[in-house]
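The values are calculated or read from the model by the stated rules, or taken from the named source; none is laboratory data. Every value quoted in this text rests on a predicted model; they were computed, and no experiment measured them. With ideal geometry, Cβ positions are generated from the backbone for all residues, glycine too; neighbour counts draw on all protein chains shown.
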Amino acid sequence: MLFDSERAGDRHVFRMNIDDGSISQVTSGELVGQQGASLLPDGRFAHEMYSCSVAQDLGLQVTTADGGSTVELTAARPVDDLGYDQQPDVSADGKWVTFLRMVDDTNGAAFVVSTDGGDARRLTPDLPNLGRPRWAPDGTQIFYDQNGKLWTVAAEGGDPQVLLSEAVGLAFEADWSPDGSQIVFKHYE
């Protein structure tokens, strides 16, 4: 299991062995933070990275299971740019990462990028209060929450479709069941 914590000073990614409960630090660096890890099938993981000394997003990264090597998925932003890339989620085949590219603290869009890096492909326009994109287990679609509704969009892009509207209250932080037949989400009325 991967998790991020400030137990070593700045925020870094740690691995916990679920068999014996042992914990080891995987990422490191002074005055940088890493968080929001999503596992690839081969043990590598995608994560956010940012500066702890100046207001700067350092982009999304893919790091090896031992933390020894990191590849940049999205580029670092200029210092004091209000935008940032966040909430990566790796597809089941390990070839793609969906994420949010925020233009400020409120507005952003869902994107997809190869785990090898390269140009990111936009899935949605910039929208307010966008959150938590997640791959369907079969890789054909992605859902996300926006203003209390759950939406799906084809993995190749296209017109988003509302999955759950505010008629059922506010729905957010959803995820797919392993077989893709159900979803679980937080609900607020």
Report task. Could you tell me whether any residue of the stretch 35-52 is at pLDDT below 95 and either buried (at least 21 other Cβ atoms within 10 Å of the Cβ) or among the hydrophobic types (A, V, I, L, M, F, W, C) (or both)? Result -> yes
Report task. Can you work out which of the residues in the stretch 32-77 that are of a type in the set (A, V, I, L, M, F, W, C) and part of a loop (DSSP other than H, G, I, E, B) is nearest to Arg134 (Cα to Cα)? Result -> Leu40
**Report entry** Qualifying residues in the stretch 12-36 (those that are without any contact (Cβ under 8 Å) to a residue 40 or more places away in the chain and within 17 Å of the chain's Cα centre (by Cα)) - the one farthest from Ala75 (Cα to Cα)
**Finding:** Phe14
Query - Unmet requirement for Pro160, which otherwise passes all of (1) over 20 Å from Gln86 (Cβ atoms); (2) crowded, with 17+ Cβ neighbours inside 10 Å; (3) over 17 Å from the mean Cα position of the chain (by Cα) - result: (1)
Report task. Spot the failing condition for Asp80; the list is (1) more than 27 Å from Pro41 (Cβ to Cβ); (2) touching a strand residue (DSSP E or B) at 6+ places or on another chain (Cβ under 6 Å), and only one is missed. Result -> (2)
Requested in this report: Would you mind finding the one in Gln34, Gln56, Gln25 that is in contact with a Phe, Trp or Tyr (Cβ under 9 Å, 6 or more places away or on another chain) and farther than 16 Å from Asp85 by Cα?
Outcome: Gln25
Query raised in the report: If we keep just the residues of the stretch 65-121 that are buried (at least 20 other Cβ atoms within 10 Å of the Cβ) and hydroxyl-bearing (Ser, Thr, Tyr), which is farthest from Glu156 (Cα to Cα)?
Result: Tyr84
Query raised in the report: Which one of the conditions (1) within 25 Å of His47 (Cβ to Cβ); (2) buried (at least 17 other Cβ atoms within 10 Å of the Cβ) does Asp175 fail to meet, given that it meets all the rest?
Result: (2)
Requested in this report: Filter the stretch 4-22 down to residues that are outside any loop (DSSP other than H, G, I, E, B), surrounded by 13 or more Cβ atoms within 10 Å (Cβ to Cβ) and out of contact with any Lys or Arg (no Cβ under 6 Å at 6 or more places or on another chain), then give me how many there are.
Outcome: 5
